[in-house]
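S.K.: Dropping the structure in here first, questions after.
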Amino acid sequence: MSNEVVLKCTDIKRYYQQGPQELKVLDGVEFSANRGERVAVIGSSGSGKTTFLNILGGLDSPTTGTVEINGINIHDLGDKKMAGFRNRSIGIVYQFHHLLPEFSATENIALPMLIAGVKPGEAREKAERLLNQVGLQDRADHRPSELSGGERQRVAIARALVMSPEIVLMDEPTGNLDSRTAKEIAALMSELNQISQCCFIVITHDMAFAKTMDRRLKLDEGRLVSIE
Ligand SMILES: Nc1ncnc2c1ncn2[C@@H]1O[C@H](COP(=O)(O)OP(=O)(O)O)[C@@H](O)[C@H]1O
Ligand SMILES: [Mg+2]
């Protein structure tokens, strides 16, 4: 991990209007992360974890406040630039894999590259390399329905990393797995973090998993606080 800041959030607020009331889901989140850093985010259900991650990934906008990735204020980008920026700089892994059912493991991993205009042969080669790194070289042609839960998450993680993004956002990536598989995925993530130098921001309920990260933060009453 270096001390080069890749992500900086300043005073993020996200309010929802609920009839006459204002629901203050995020209420002044300050956060920054370095290149290659692994940060765990915990918090009770409904505390705003997914809202926070969606704002970091440009899928939602804050009511006020800014998110800078590599010095770029991402919510200032228009929709088209945002899509390109997300494709290159942000990888996302969800609790449920969100792989495309009609495509093989290799094709799912190659997709972000094809969207970015990488030549198909080159995209396939890189996808196969990633497939090796996540230990699924003998599942290359399997569709998601022909993979186990843990294998699907491995493919989803490979897809998130294939563009060598600055940051990878994960929303409870092991939440749907048994504890042994969750442990294997956690170990794999540490390994990939070392190789890739991507910054990982991971929402999790699994404290053992969180303890393997560089830093643990908690969303509480709309703010992000250190729990060390
Ligand atoms: N589109 C929305 N409109 C109104 N309230 C919302 C919306 N999305 C989320 N919320 C509320 O924001 C709070 C935080 O949600 P969420 O970020 O999904 O929490 P977590 O991921 O920590 O469980 C919840 O109380 C939820 O009901
Ligand atoms: Mg959530």
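S.K.: Regarding the stretch 21-38, can at least one residue be identified that is small (Gly, Ala, Ser), within 16 Å of ligand 2 (Cβ to nearest atom) and crowded, with 21+ Cβ neighbours inside 10 Å? Quick ask: steps written out before the conclusion?
M.R.: From the stretch 21-38, those small (Gly, Ala, Ser) are 28, 32-33, 36; that's our starting set.
Checking the rest, the ones that are also within 16 Å of ligand 2 (Cβ to nearest atom) come to none.
No.
S.K.: Go through the residues of the stretch 96-110 one by one and say whether even a single one is without any contact (Cβ under 8 Å) to a residue 60 or more places away in the chain, closer than 18 Å to Leu219 by Cβ and among the hydroxyl-bearing types (Ser, Thr, Tyr). Steps first, please.
M.R.: First pass over the stretch 96-110, keeping only residues without any contact (Cβ under 8 Å) to a residue 60 or more places away in the chain: 97-98, 100-110.
If we keep only those that are closer than 18 Å to Leu219 by Cβ as well, we get none.
Scanning the stretch 96-110, I find no residue that is without any contact (Cβ under 8 Å) to a residue 60 or more places away in the chain, closer than 18 Å to Leu219 by Cβ and among the hydroxyl-bearing types (Ser, Thr, Tyr), so the answer is no.
S.K.: Inside the stretch 194-216, can you point out the residues that are in contact with a strand residue (DSSP E or B) (Cβ under 6 Å, 6 or more places away or on another chain), open to solvent by less than 10 Å² (accessible area, probe 1.4 Å) and away from ligand 2 (no atom under 15 Å from the Cβ)?
M.R.: Correct list: Cys198, Cys199, Phe200, Ala210.
S.K.: Please note which strands (runs of 3 or more DSSP E) are completely contained in the stretch 1-118 and include at least 3 residues that are more than 30 Å from His142 (Cβ to Cβ).
M.R.: Details: elements: 5-18, 21-34, 38-42, 64-69, 90-93.
Passing ranges, in order: 5-18, 21-34, 38-42, 64-69.
Quick grid of which residues meet (1) open to solvent by 70 Å² or more (accessible area, probe 1.4 Å); (2) within 14 Å of ligand 1 (Cβ to nearest atom):
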residue	(1), (2)
Ile42	no, yes
Thr51	no, yes
Asn54	no, yes
Pro62	no, yes
Glu68	no, no
His75	no, no
Ser104	no, no
Ala110	no, no
Asp138	yes, no
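S.K.: A further question on this structure: Being open to solvent by less than 80 Å² (accessible area, probe 1.4 Å) and either of a type in the set (D, E, K, R) or within 19 Å of Met213 (Cα to Cα) (or both), is that true of even one residue in the stretch 113-127?
M.R.: yes
The values are calculated or read from the model by the stated rules, or taken from the named source; none is laboratory data. What you are looking at is a predicted structure, and each value in this text was computed from that prediction instead of being measured. Don't worry about glycine lacking a Cβ; one is built from the backbone with ideal geometry, like all the others, and counts go over all protein chains shown. Protein only, heavy atoms only, side chains kept; ligands, DNA and RNA dropped before computing areas. Shrake-Rupley method; radii C 1.70, N 1.55, O 1.52, S 1.80 Å.
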